1. Please work out if Ser153 is hydroxyl-bearing (Ser, Thr, Tyr), touching a residue at least 24 places away in the same chain (Cβ under 8 Å), out of contact with any Phe, Trp or Tyr (no Cβ under 7 Å at 6 or more places or on another chain) and over 27 Å from Ser61 (Cα atoms).
2. Regarding Ser84, is this residue among the hydroxyl-bearing types (Ser, Thr, Tyr) and within 23 Å of Arg137 (Cβ to Cβ)?
3. Suppose we filter the range 178-194 for residues that are farther than 17 Å from Tyr115 by Cα and either in contact (Cβ under 8 Å) with a residue 24 or more places away in the chain or of a type in the set (Ser, Thr, Tyr) (or both); how many remain?
4. Being in contact with a helix residue (DSSP H, G or I) (Cβ under 6 Å, 6 or more places away or on another chain), part of a loop (DSSP other than H, G, I, E, B) and of a type outside the set (Ser, Thr, Tyr) is the filter here; which residues of the range 60-87 pass it?
5. What's the number of the only condition in (1) surrounded by fewer than 14 Cβ atoms within 10 Å (Cβ to Cβ); (2) at pLDDT below 95 that Ile162 fails to meet?
6. Working only within the range 120-140, note down all residues that are part of a strand (DSSP E or B) and among the charged types (D, E, K, R).
7. Exactly one of these conditions fails for Ala82: (1) under 24 Å from Thr45 (Cβ atoms); (2) in contact (Cβ under 8 Å) with a residue 40 or more places away in the chain. Give me its number.
8. Does the range 117-124 contain any residue that is surrounded by fewer than 18 Cβ atoms within 10 Å (Cβ to Cβ) and polar (S, T, N, Q)?
Amino acid sequence: MKRKLPVDVFSDWAINGKDVGMEKNHKFSVDNMIKFSIKKLDYFTFLDAGCGNGWVVRKVSKLNKCIKSIGIDGSQKMIEKAKSIDKKNKYYCEDLLDWKPKNKIDLVHSMEVFYYFKNPKKLIKHIYSSWLKKNSRLIMGIDYYYENKISHSWPNECGISIMSLFSEKKWENFFFEVGFKEIKTWKVGETKKWRGTLVITGIK
């Protein structure tokens, strides 16, 4: 199988409807991440990095304390689909490494995105510096990491050219090296064969 760039693969998924499965497969982990992130927040702005068809943006926008919910993704087809479903919230098709919000955000969330970058630490640093307000939170979840051995075959199975494999500790260190404080990590949905979604979060 010839491997494609991640944005091209996700555009194909948007066209053939595979994006719907992403919501089904990741809902449990995302619900856990959002519940943790908002429990001490008053009114907040929200951004989903790598939003796909916008399902998390729509979900969070319905919360009483969410005053703005935004999605950004590198796939034009995914953003077109998000906009076709949702006329209320804002969506941007941009390179995450270059884009900056007009106003900094209280809560930045990302599920199954950061390992599609050759240098995810660079993206984490960009979010820290250019996206987040002081004392605001980044939370990310990933299923593709070294300790989750069953995921190691995914680059070949999905035909994706860029998938960066790091250990749990390495991902945690990215947050520490960039400057985050109150860093926490945990697993969601762990079973005998499946190590679960690795969640990492920190405060700017």
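The values are calculated or read from the model by the stated rules, or taken from the named source; none is laboratory data. Small disclaimer: the values here were computed from a predicted structure and weren't measured. Positions of Cβ are backbone-derived with ideal geometry, glycine not excepted, and every protein chain shown enters the neighbour counts.
1. no
2. Considered against the rule, which asks whether it is among the hydroxyl-bearing types (Ser, Thr, Tyr) and within 23 Å of Arg137 (Cβ to Cβ), Ser84 comes out as no.
3. Residues in the range 178-194 being farther than 17 Å from Tyr115 by Cα and either in contact (Cβ under 8 Å) with a residue 24 or more places away in the chain or of a type in the set (Ser, Thr, Tyr) (or both): 7 in total.
4. As a first pass, look at the range 60-87 and keep what is in contact with a helix residue (DSSP H, G or I) (Cβ under 6 Å, 6 or more places away or on another chain): 66, 69, 71, 73-75, 77-78, 81, 86.
Now drop any that are not part of a loop (DSSP other than H, G, I, E, B), which leaves 74-75, 86.
Within the range 60-87, Gly74, Asp86 qualify.
5. Among (1) surrounded by fewer than 14 Cβ atoms within 10 Å (Cβ to Cβ); (2) at pLDDT below 95, Ile162 violates only (1).
6. Restricting attention to the range 120-140, the residues satisfying the condition of being part of a strand (DSSP E or B) are 132-140.
Lys133, Lys134, Arg137 - these are the residues of the range 120-140 that are part of a strand (DSSP E or B) and among the charged types (D, E, K, R).
7. So the condition that Ala82 fails would be (2).
8. yes
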